[in-house]
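The values are calculated or read from the model by the stated rules, or taken from the named source; none is laboratory data. Model, not experiment: these values are computed from the prediction. All Cβ positions, even for glycine, are placed from backbone atoms using ideal geometry, and neighbour counts span all protein chains on display.
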Amino acid sequence: MPVSRRKRRSLANPSVGLQEGRAGRRRIKYDEQWNLSFKELLDYRSEHHGDCDVPFRHGKLGRWVGNQRQAYVANSLAQDRIDRLNKIGFNWRLKQASLTVPWGTRFDELVQYKETNGDCNVPQ
């Protein structure tokens, strides 16, 4: 009985099917990790803050939130994930107060702080 082309190809390169299986498993693991991080974000929102504005310095969750924002800006975040994040009130762009106040105003505040406290070590 003759061997089909497909069978010959798989016999010639047996790792092809294996690679497809690995990629599928990697994708499933990636999806599971995304879902775990999403659940962690829900916990953060409900237990502590009422929002999804996790600071980057907040460890793994903060980095994950930052990565979601970057992927969104780069247009590489899947639409279903965008929808899920939108449903929980995710802010895609955070306004930073330090960027909205003129530099000179902040400088004057620092000079005043130094006169009062003797140093420029302003607490965050």
For this session: Out of the residues in the range 35-79 that are of a type in the set (S, T, N, Q) and more than 13 Å from residue 92 (Cβ to Cβ), state the one that is surrounded by the most Cβ atoms within 10 Å (Cβ to Cβ).
Result: 37
Exercise. Has the range 102-121 got any residue that is closer than 30 Å to residue 31 by Cα and not aliphatic (A, V, I, L, M)?
Worked result: no
For this session: Take the range 80-108 and flag every residue that is modelled with pLDDT of 90 or more and either in contact with an Asp or Glu (Cβ under 7 Å, 6 or more places away or on another chain) or surrounded by 11 or more Cβ atoms within 10 Å (Cβ to Cβ) (or both).
Result: 81, 82, 84, 85, 88, 89, 90, 91, 92, 108
